[in-house]
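Contents: one structure, followed by commentary.
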Amino acid sequence: MDIPTVAVTGIVTLVGSGFGTALVNYWLSERKAKREQRLAKLEQLFSATRRYGGIHRAALVRFHAVMLGKHAFQDAEDNYDRVGKERSDEEAYAQIQMLIDFYYPELRPQLEKFLSSRKSVFETFNAFREEYKRGGSVTQFAAPSRRSLG
């Protein structure tokens with residue numbers, strides 16, 4: 001082999017390995033950035049879900065205590081109205097929808113199950129409130145707070 005061929009082969013090898021190294025580094029950096037972005041979006045989803053669930057949780061717990069005869073209805077009603085005026089769940093729900101649609105479509109079935117359960121809870125909650133306000137019997141709403149494990 002003559003010297004120009006060796007030099008060209010060396011240069012091609014250096015350029016090729018440099019390009020290969022750059023490509024691998026880019027791929028690894030891109031993968032890390034996507035993983036970090038996905039984690040950040042997951043943290044946002046967790047936060048929005050906690051806000052969304054927490055908005056009515058305290059009020060529903062109080063109404064459950066009313067159902068069990070351990071809390072005054074009007075206090076629970078006043079608390080529910082105050083919480084509803086102070087915080088809106090629309091923003092948190094919109095954020096949950098957006099994050100699931102864009103980043104976590106695989107979580108859509110779980111969101112649908114959650115919304116279905118939430119709807120059922122609020123139907124019971126609203127039926128209780130209406131029956132209570134009418135002065136009717138609310139004993140059918142006073143289910144135990146814990147399920148039997150037997």
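Can you say whether residue 88 is at pLDDT below 90, of a type in the set (Gly, Ala, Ser) and surrounded by 10 or more Cβ atoms within 10 Å (Cβ to Cβ), as far as the supplied structure shows? Answer is yes for this residue.
So is residue 104 surrounded by 11 or more Cβ atoms within 10 Å (Cβ to Cβ), at pLDDT 85 or above and of a type in the set (Phe, Trp, Tyr) or not? Against the criterion (surrounded by 11 or more Cβ atoms within 10 Å (Cβ to Cβ), at pLDDT 85 or above and of a type in the set (Phe, Trp, Tyr)), residue 104 qualifies. Out of 63, 114, one residue alone is surrounded by 12 or more Cβ atoms within 10 Å (Cβ to Cβ), assigned to a helix (DSSP H, G or I) and modelled with pLDDT under 85. It is 63.
The values are calculated or read from the model by the stated rules, or taken from the named source; none is laboratory data. The structure presented is a predicted model; accordingly, all values stated were derived computationally and were not measured. So basically every Cβ, Gly included, is an ideal-geometry build from the backbone, and we count neighbours across all protein chains shown.
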